[in-house]
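Worksheet for the structure shown next.
The values are calculated or read from the model by the stated rules, or taken from the named source; none is laboratory data. Predicted model, so just to flag it, every value in this text is computed and none were measured. A quick note on method: Cβ atoms are made from the backbone with ideal geometry, for glycine too, and the neighbour counts reach across all protein chains shown. When the accessible area is computed, the model is the full protein with side chains, heavy atoms only, and any ligands, DNA or RNA have been set aside. Shrake-Rupley method; radii C 1.70, N 1.55, O 1.52, S 1.80 Å.
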Amino acid sequence: MPSDARAAAPSEEEGAAPAPDAPAAGGGTTGPHHDPYRDPHHDAPGDGRLGEQRDVRQDPREDPREERRRERRSRWYRRDVRWSPYAFVAPFFVFFMAFGLFPLLYTGWASLHRVELTAPTDMQWVGLRNFSRLLSDEFFWNALQNTVTIGVISTVPQLLIALGIAHLLNYRLRGSMFFRVAVLTPYATSVAAATLVFVLLFGRDYGMINWLLGQIGIDAVDWQNGTWTSQFAVSTIVIWRWTGYNALIYLAAMQAIPNDLYESAALDGASRWQQFIHVTVPSLRPTILFTCVVSTIGATQLFGEPLLFNGGAGATGGASHQFQTLGLYLYEQGWVNLHLGRASAIAWTMFLILLIIGAVNWVIGRRLRKSA
């Protein structure tokens, strides 16, 4: 019987399917046939550490060259984060030192010497003599007085008109963008072009201002040769050019005022004028102080308008120096009379005046912050 069973069982030669491989003791396969989708590292003999070593050797992060490259990039990144801000602001400091700090220090050094513009390297030490001479120079005091007068005549109406224009533009108007651009147009106009137009307007014989005065029975006015008339004419140029600029500053400040304040005032029965006096103006006190200081600084440095208004007479500011400002007096001493040391002393005197104005601004601003 066993022999018959063995005979009945088909052999491999006859095409029978081979028997599956028996599992090995280590959990692998003993036959030549195995699962093709099985991980070869899993079938590796041993405890699998060989496969782990292969993975470690194949990891690019453990490559020394890649590690050095990463360290180099990290070092460049740290340098970029640290030094890039200084590189961005460096051009400002370079130009400031070349065109701001160096001229300031050089004029301060030249103000202590007797030096002519024809020989700027030939300096003779005189100490504070150039400054002491200004105290007894009637032309300096005349220029200082004219500067203060023109500054007051131009600054006060300019800021009042700008405040009124900003108040009107703050309400919803048709074409408000057009009016905002229109009020800024004089600021974008050239000083030379604006002054030449005003010279024609204030002409004695054929000026439009005198023509309008003649229509109402007033005699023609010699605007350039009179003291007050010439200063008023120069002030109108300043008012025309800078009113729109200050109006936009006031407008920006007004738009930052909370609407709740206006709504509360309206509920209390306040009119628009009362809202302007009791809400708008108190809220604009820091801005008004800022515009006053900036306008005062601009009036101290006034130069182009009086120079061109005088026509071809140069930097004298009229036949009697009636509208000669400190800027014109500095120009006359340095570039007409060629006294570079005296001009430097005038420049530093103007700088000290501006420092005083800045100190007053700081004191007033501090008190305003405390009162608020």
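For the stretch 177-283, with all protein chains present and a 1.4 Å probe, just round the carbon and sulfur fraction of the accessible area to a whole percent.
65
Using a simple charge model, +1 on the beta-carbon of Lys and Arg, -1 on the beta-carbon of Asp and Glu, nothing else, what dipole does the stretch 168-300 show about its Cα centre, in debye to the nearest 20?
280
Of the options Gln255, Thr325, Thr349, report the single residue whose Cα projects farthest towards the positive end of the charge dipole of the stretch 223-372 (beta-carbon charges: Lys, Arg +1; Asp, Glu -1).
So the residue furthest toward the plus end is Thr349.
Compute log10 of I(q)/I(0) for the stretch 72-159 with the Debye formula, placing one identical point scatterer on every Cα and leaving out solvent, at q = 0.18, 0.23, 0.25, 0.26 Å⁻¹, to two decimals.
Here log10 of I(q) over I(0) equals -0.97, -1.07, -1.11, -1.14.
Bin width 10 Å, origin at 0, all Cα-Cα pairs of the stretch 226-372: what percent of pairs per bin?
Each 10 Å bin holds this share of Cα pairs: 10, 27, 28, 19, 11, 4, 1.
May I ask you to evaluate 6.51 cos²θ - 1.76 cosθ + 1.60, the Karplus curve with θ = phi - 60°, for each residue of the stretch 335-342 and list the ³J(HN,Hα) values in order in whole Hz, giving x for glycine and proline?
Ordered by residue, 3J(HN,Hα) equals 10, 9, 8, 6, 8, 5, x, 5 Hz.
Mind jotting down the distance between the C-alpha centroids of the stretch 294-310 and the stretch 185-235, whole Å?
The distance from the Cα centre of the stretch 185-235 to that of the stretch 294-310 comes to 17 Å.
Averaged per residue, what accessible surface does the stretch 98-170 expose to a 1.4 Å probe, in Å²?
The answer is 58 Å² per residue.
Residue by residue through the stretch 253-269, which ³J(HN,Hα) values in whole Hz follow from phi under the Karplus form 6.51 cos²θ - 1.76 cosθ + 1.60 (θ = phi - 60°), with glycine and proline marked x?
Along the stretch 253-269, the couplings run 5, 5, 5, 8, 6, x, 5, 4, 5, 5, 5, 5, 5, 5, 5, 7, x Hz.
Under a 1.4 Å probe, what is the accessible area of the stretch 238-371 per residue, stated in Å²?
Per-residue accessible area for the stretch 238-371 comes out at 50 Å².
Using θ = phi - 60° and the Karplus form 6.51 cos²θ - 1.76 cosθ + 1.60, what ³J(HN,Hα) does each residue of the stretch 239-252 get, whole Hz, x for Gly and Pro?
Result, rounded to whole Hz: 4, 5, 7, 10, 5, x, 4, 5, 5, 5, 5, 5, 4, 4.
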